[in-house]
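The values are calculated or read from the model by the stated rules, or taken from the named source; none is laboratory data. Every value quoted in this text rests on a predicted model; they were computed, and no experiment measured them. Every residue, glycine as well, gets a Cβ built from its backbone with ideal geometry; the counts of neighbours run over all protein chains shown.
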Amino acid sequence: MKIYRAEIDLKVLPNTGREILEKLKTERNLAVKGGLSRLALLHNMERVGKAVDRERMGIEDRIKDIDVVVFHSQSLSKSREYLLEKEKELKGALSDIVLDNGIRFDGRDIEPVRGSLKTEYRAKTLTKVLRTRDLTFNEVVLIPEDSRWIAYYSPRCWRDLIEGVGMLTSGGWKTVRYDSGRMLPTNYGFFRLLRFWVEGKVKKIWLPSWMVKIHLKEMNRLQKEGVLPEGANLGRYSRIIANQYKSAEPELKRRWMIVLNYLGFTDLLSFDTFMKEQELLDILKHQEEFSFEDDIPLSEIIEKTLIERKKKQKDREMRKARMMNCRHKFVDIECDGCGQHCKIRKCSLCNYVEKQKEFKCNLIFQTGDWRRDINSLIAFPYRKRTRQKTRRTKQISSRISL
C-alpha cells in the first residue's frame, strides 16, 4: 500500500480540534483516527488549494467523539495492564475538553493495535492500521512526531475525501462477509456505510444493487426461520438505528428513511413508526429490552474481544474439520450479480466453495477502485418517494397503536 505523508497546520483547525491535538501532541504510541483525522486532512487539502465541499467540512467540524489507536508490543492479554493505564492517562488529559464540549470518549473509542512506531517498523504498522479501516475515506491517521502532527493516508482516502464517496474496504473489522466466495457487506458494514451518507459526510456510496438483493434474500430467510424479528433487515442494527437516532434532528430521521426505503429495507415512511416497530418486534422476539450501554470501559472491551477471538478460532477449526470430512456434493451456480456470469462450484452439504479465479467484484472491493463499477455509485434522492401503505405496514401500524 502506498502511503502519503503531510504535516498538519493546527492553525487551520477549529478550536476544539486544535485543543484536542495540542493536549495529545507529546503522547507516544498513539494515533488519532476517525472524524478528527479526516477533518485535519480536509483542512490541509483546502490549505494547499484543493476544492473542498464546505457543507461536508462544516459537518466534520462538529466533533462528537475522539477516536484513537494505542499501539502495544505484546499480545492483547499481556498488554492489558498497559492499555488500561493508557486509557486512564488519556481520559485524564482530555477530561476538560470532553466535559466542556459534550464529546464522547470511552473504551469504545480506543483501538488497541499490536505494532511499533519506531522508524524500522513504522511503515509496516501504518499499513496494518490503514488496511483495517472500515471505509476508504477513513484510511488516515494523525501521528504526533516531535510535538508536530503528521497525517498518514492512502491515495484512495485522498480521492474519496475530495469526491465525497463512501466505500467499504475489504479489510474492515466485521464489515465484510463471504457469500459463495463473493464479498458482501455485513449488517454492521451496511450500518457504517449508510450512516455516513445520512450524516452528510459523503455525497454518494458505492453499493451494487445485486449485493442488496443477496443481503435481503438472506435476511428474509433468517426472519422466516425465526432467527431475526420481522422487518429487521439489518439484523439488530435495525434496532440500534432506531435507538441511536430517536432524539436526532428531523432531517437525520428523514435521511434514514430515504435510505431504508430506497434500498428496500423497510416500507414504512415515518422514522418514529419505524422506531416503534423495531422496539416492539425486538421485544416480542427476545422477550426482553435491548441493552444499550454507555461509557463502556476498555477492560470490558478487551475481555469481550479475547472471548470473541477464541470463539472465532474454535468455529474456524470446526468448519475446517467439517469440510475436510465432508463427502462433497457440488452444485454449479452461475452468479448473475455484476454481469460477469462467474461460475461457482459449491458443496450443498458443507458450503465449501471450490477455489477458482478471483471474482471481478471482489477485486473492486480489495482495490477500492469504484471507478471500475461507477454505475454502482448511489446518490440517494432527497425527496421521499410516496407510496401506498402495504398490508404489512398497516399490520405493523395497528400493532404499534395497541
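If I filter the range 64-86 for residues that are under 18 Å from residue 104 (Cβ atoms), acidic (Asp, Glu) and either in the same structural domain as residue 9 (by TED's automatic domain parsing) or surrounded by fewer than 18 Cβ atoms within 10 Å (Cβ to Cβ) (or both), do I get at least one hit?
yes
Quickly run through the range 133-149 and pick out the residues that are surrounded by fewer than 18 Cβ atoms within 10 Å (Cβ to Cβ) and either within 23 Å of residue 160 (Cα to Cα) or touching a residue at least 40 places away in the same chain (Cβ under 8 Å) (or both). Lay out the reasoning, then the answer.
Filtering the range 133-149 down to residues surrounded by fewer than 18 Cβ atoms within 10 Å (Cβ to Cβ) leaves 145-148.
Listed by number, the residues that qualify are 147, 148.
Being surrounded by fewer than 21 Cβ atoms within 10 Å (Cβ to Cβ) and within 17 Å of the chain's Cα centre (by Cα), is that true of even one residue in the range 222-236?
So far as the range 222-236 goes, yes, one or more of its residues are surrounded by fewer than 21 Cβ atoms within 10 Å (Cβ to Cβ) and within 17 Å of the chain's Cα centre (by Cα).
Scan the range 121-139 and give yes if some residue there is under 19 Å from residue 10 (Cβ atoms) and of a type in the set (A, V, I, L, M, F, W, C), otherwise no. Break it down stepwise before answering.
Kept after step one, since they are under 19 Å from residue 10 (Cβ atoms), are these residues of the range 121-139: none.
There is no residue in the range 121-139 that is under 19 Å from residue 10 (Cβ atoms) and of a type in the set (A, V, I, L, M, F, W, C).
To keep it simple, each residue is scored yes or no on (1) closer than 21 Å to residue 21 by Cα; (2) of a type outside the set (D, E, K, R); (3) at pLDDT below 95.
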{"position": "36", "(1), (2), (3)": "yes, yes, no"}
{"position": "57", "(1), (2), (3)": "yes, yes, yes"}
{"position": "73", "(1), (2), (3)": "no, yes, no"}
{"position": "105", "(1), (2), (3)": "yes, yes, no"}
{"position": "119", "(1), (2), (3)": "no, yes, yes"}
{"position": "141", "(1), (2), (3)": "yes, yes, no"}
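When you scan the range 294-311, do you find a residue that is basic (Lys, Arg), surrounded by 12 or more Cβ atoms within 10 Å (Cβ to Cβ) and not in a strand (DSSP E or B), even just one? Step through it out loud before you land on a result.
Our first condition is that a residue be basic (Lys, Arg); within the range 294-311, this holds for 304, 309-311.
So of that shortlist, the ones also surrounded by 12 or more Cβ atoms within 10 Å (Cβ to Cβ) come out as 309.
Within this subset, residues satisfying the condition of being not in a strand (DSSP E or B) are 309.
Yes, some residue in the range 294-311 is basic (Lys, Arg), surrounded by 12 or more Cβ atoms within 10 Å (Cβ to Cβ) and not in a strand (DSSP E or B).
Residues of the range 341-380 being in a strand (DSSP E or B), of a type in the set (Val, Ile, Thr) and either loosely packed, with under 15 Cβ neighbours inside 10 Å or more than 28 Å from the chain's Cα centre (by Cα) (or both), which ones?
Start the filter on the range 341-380 by keeping residues that are in a strand (DSSP E or B), which leaves 343-347, 353, 377-378.
After this cut, where a residue has to be of a type in the set (Val, Ile, Thr) as well, the list is 344, 353, 378.
The one that is in a strand (DSSP E or B), of a type in the set (Val, Ile, Thr) and either loosely packed, with under 15 Cβ neighbours inside 10 Å or more than 28 Å from the chain's Cα centre (by Cα) (or both): 344.
Would you check if residue 31 is buried (at least 16 other Cβ atoms within 10 Å of the Cβ) and either over 17 Å from residue 105 (Cα atoms) or in the same structural domain as residue 199 (by TED's automatic domain parsing) (or both)?
Details: buried (at least 16 other Cβ atoms within 10 Å of the Cβ): yes; either over 17 Å from residue 105 (Cα atoms) or in the same structural domain as residue 199 (by TED's automatic domain parsing) (or both): no.
Spelling it out, it is not the case that residue 31 is buried (at least 16 other Cβ atoms within 10 Å of the Cβ) and either over 17 Å from residue 105 (Cα atoms) or in the same structural domain as residue 199 (by TED's automatic domain parsing) (or both).
Quick one: residue 59 ticks every box in (1) over 23 Å from residue 163 (Cβ atoms); (2) touching a residue at least 60 places away in the same chain (Cβ under 8 Å); (3) assigned to a helix (DSSP H, G or I) bar one, so which box is it?
That leaves (1) as the condition not met.
Can you tell me which residue in the range 222-236 is farthest from residue 188 (Cα to Cα), limited to those that are at pLDDT 90 or above and assigned to a strand (DSSP E or B)?
Per the stated criteria, the residue is 233.
Go through the residues of the range 118-126 one by one and say whether even a single one is touching a residue at least 24 places away in the same chain (Cβ under 8 Å), out of contact with any Cys (no Cβ under 9 Å at 6 or more places or on another chain), under 29 Å from residue 199 (Cβ atoms) and surrounded by 14 or more Cβ atoms within 10 Å (Cβ to Cβ).
Of the residues in the range 118-126, the ones touching a residue at least 24 places away in the same chain (Cβ under 8 Å) are 123, 125-126.
The next check asks that each one be out of contact with any Cys (no Cβ under 9 Å at 6 or more places or on another chain); those that pass are 123, 125-126.
Adding the requirement that they be under 29 Å from residue 199 (Cβ atoms) leaves 126.
So of that shortlist, the ones also surrounded by 14 or more Cβ atoms within 10 Å (Cβ to Cβ) come out as 126.
Yes, that holds for at least one residue.
How many residues are out of contact with any helix residue (DSSP H, G or I) (no Cβ under 9 Å at 6 or more places or on another chain), touching a residue at least 60 places away in the same chain (Cβ under 8 Å) and either of a type in the set (Gly, Ala, Ser) or farther than 15 Å from residue 75 by Cα (or both) when one looks only at the range 297-334?
Count: 1.
Just checking, does the range 130-137 include any residue being touching a Gly at 6+ places or on another chain (Cβ under 8 Å), at pLDDT 95 or above, among the aromatic types (Phe, Trp, Tyr) and under 23 Å from residue 7 (Cβ atoms)?
Step one: filter the range 130-137 for residues touching a Gly at 6+ places or on another chain (Cβ under 8 Å), giving 131-137.
Now drop any that are not at pLDDT 95 or above, which leaves 131-137.
Restricting the remaining residues to those that are among the aromatic types (Phe, Trp, Tyr) gives 137.
Then drop every residue that is not under 23 Å from residue 7 (Cβ atoms), which leaves 137.
Yes, the range 130-137 contains a residue that is touching a Gly at 6+ places or on another chain (Cβ under 8 Å), at pLDDT 95 or above, among the aromatic types (Phe, Trp, Tyr) and under 23 Å from residue 7 (Cβ atoms).
For residue 201, which of the numbered conditions (1) charged (D, E, K, R); (2) in contact (Cβ under 8 Å) with a residue 12 or more places away in the chain; (3) surrounded by fewer than 18 Cβ atoms within 10 Å (Cβ to Cβ) fails to hold?
(3)
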